[in-house]
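Trainee: Have a look at this one.
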């Protein structure tokens, strides 16, 4: 969403949070990143992001149906 020095504000599943971006090269607002323990660790392409999002929502939906 926005970048400020070594951190960026991101949004995931409607939740906004601040993450460290020092582990990835030249991040740009609008790119998709994989986040672990408060760090953006890898850029991911939009198609892969859509796949991951669909899988996550399916898993969450499956839990709600149990």
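Trainee: Residue 20 to residue 57: FRET efficiency via 1/(1 + (r/R0)^6), r the Cβ-Cβ distance, R0 30 Å, to the nearest 0.05?
Mentor: It comes out at approximately 0.70.
Trainee: Also: Which angle from 0 to 90°, rounded to the nearest 10, does the C-alpha axis of helix 46-64 make with the longest principal axis of the chain?
Mentor: 40 degrees
Trainee: Please report, largest first and rounded to whole Å, the three semi-axes of the ellipsoid equivalent to the chain, where each semi-axis is the square root of five times an eigenvalue of the C-alpha gyration tensor.
Mentor: The answer is 25, 13, 10 Å, longest axis first.
Throughout, read-outs are computed from the coordinates displayed, never taken from laboratory work. Keep in mind it's a predicted model, so treat the numbers as computed, not measured. With ideal geometry, Cβ positions are generated from the backbone for all residues, glycine too; neighbour counts draw on all protein chains shown.
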